[in-house]
1. Out of curiosity, is residue 338 part of a strand (DSSP E or B), of a type in the set (A, V, I, L, M) and more than 22 Å from residue 59 (Cβ to Cβ)?
2. Looking at (1) outside any strand (DSSP E or B); (2) outside the structural domain of residue 318 (by TED's automatic domain parsing); (3) among the aromatic types (Phe, Trp, Tyr), which is the one condition that is false for residue 190?
3. Can you say whether residue 136 is part of a strand (DSSP E or B), among the small types (Gly, Ala, Ser) and in contact with a helix residue (DSSP H, G or I) (Cβ under 7 Å, 6 or more places away or on another chain), as far as the supplied structure shows?
4. Of the conditions (1) closer than 28 Å to residue 246 by Cβ; (2) over 23 Å from the mean Cα position of the chain (by Cα), residue 312 clears all except one; give me its number.
5. Only one residue in 232, 237 is part of a loop (DSSP other than H, G, I, E, B), surrounded by 15 or more Cβ atoms within 10 Å (Cβ to Cβ), on the phi < 0 side of the Ramachandran plot and not polar (S, T, N, Q), so which one is that?
6. In the stretch 79-105, which residues are more than 24 Å from the chain's Cα centre (by Cα) and small (Gly, Ala, Ser)?
7. Got at least one residue in the stretch 204-216 being touching a strand residue (DSSP E or B) at 6+ places or on another chain (Cβ under 8 Å) and more than 29 Å from residue 352 (Cα to Cα)?
8. If I filter the stretch 244-252 for residues that are assigned to a helix (DSSP H, G or I) and over 20 Å from the mean Cα position of the chain (by Cα), do I get at least one hit?
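The values are calculated or read from the model by the stated rules, or taken from the named source; none is laboratory data. All figures in this text were calculated on a predicted structure; none of them were measured in a lab. Positions of Cβ are backbone-derived with ideal geometry, glycine not excepted, and every protein chain shown enters the neighbour counts.
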Amino acid sequence: MYDFTIIGGGIVGLSAALHLTQSYPNAKILVLEKEGEWAFHQTGNNSGVIHSGIYYKPGSFKAKFCRDGQRSMVEFCQKHGINYEICGKVIVATEAKELPLLDKLYQRGLDNGIPVAKISGEEVKEIEPYVNCLAGIRVESTGIVDYRGVCQKYVELVENWGGELRLNTKVEEIQHRSGELVIETNGGEFSTRFAINCAGLHSDRIALLEGVDPQAKIIPFRGEYYELKPEKRYLVKNLIYPVPNPDFPFLGVHFTRAIDGSVHAGPNAVLSFKREGYRKTDFDWQDFVEIMTYPGLWKLAAKYGNEGVKEIVRSLSKTVFVRSLQRLIPEVQADDVIPTHAGVRAQALMNDGMLVDDFLIVDGERAMHVCNAPSPAATASLEIGKAIADRVRDRLGMSNEIRLSV
């Protein structure tokens, strides 16, 4: 019998395990991951950015957890010798109509307590010489890191604190039995007093297995990247972002230097017909039917249809994709970039067509379900893990039925 079982071995699930092992050192804690390695999906395919929190609505979980998470992530990397760099980034306006949006974003940064500075186009060029813009924002606290390395350290610490971690263990059913949960997997049954669902792309399905309707469905959006050829990396010193398009709920293509020195350009955002669909040709019939019959998707498409079509065209045409990059750096040519990995964003969408724009945690009878934790969840992972442990403590304090092992 385990006291806590975490479903999902991405950065959020591993952080939750880390905080629970430290909060309850006498508890029996289990982490289940269906893949053969940790951080295989969203975490292992993200851009590696330590975000500042400038984009998020003041007072939201994303804004607070990202701002605080930036600091705690840096401290964690310093303490454990993980490779990172606080390099800063610029967000730039390339057209006059974007200048009011840039001003609003600057004010949002101030409202979120983030060190930001408005700079002229000439000052942007001092930071990023090849950028063409009218004005920009300098965000000094943004950085880059190896998130797989962060996750490996989480795993090591959880093991050191007595946690048990199992790879290649896929959750198939969850049963309520006399004061406990029985989690049925391809590797046997595990009894637990409490479960924390951090299953990312499958978090809504795990919630349903426990008998909880999260009132939202995970819709997978693939983000495709190109990579600058090594001889063209000089075009980008650090991180360059456009002003977000207010008519589309994603950040737009941008340039990101990774901790290994490579420079990625992207991503776009296209609907995937498979929850783990990293290639354009990936297709899963069950996922496809579930996505296409969900009313919320069609309501979302009605709202963002024009921009969605542009994203599809950008996915199919390298020329169009490069044209988007040239808005930021005119010198970039099609021959300068090559296709590289893609990531899949697990985005929760409500039945009314509204995207869940904050982290979403839903309580079950004997479980807690993290049902929306896309970017900036990696940056905020330590704060999310702490919040999960605190919320578990509050729930246990209200119930005498769940007791920890001693």
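1. Yes: the conditions hold for residue 338.
2. (1) is the only condition that residue 190 fails.
3. Numbers: part of a strand (DSSP E or B): yes; among the small types (Gly, Ala, Ser): yes; in contact with a helix residue (DSSP H, G or I) (Cβ under 7 Å, 6 or more places away or on another chain): yes.
Against the criterion (part of a strand (DSSP E or B), among the small types (Gly, Ala, Ser) and in contact with a helix residue (DSSP H, G or I) (Cβ under 7 Å, 6 or more places away or on another chain)), residue 136 qualifies.
4. The one condition residue 312 does not meet is (2).
5. Unique residue meeting the criteria: 237.
6. Answer for the stretch 79-105, where residues must be more than 24 Å from the chain's Cα centre (by Cα) and small (Gly, Ala, Ser): 93, 96.
7. no
8. no
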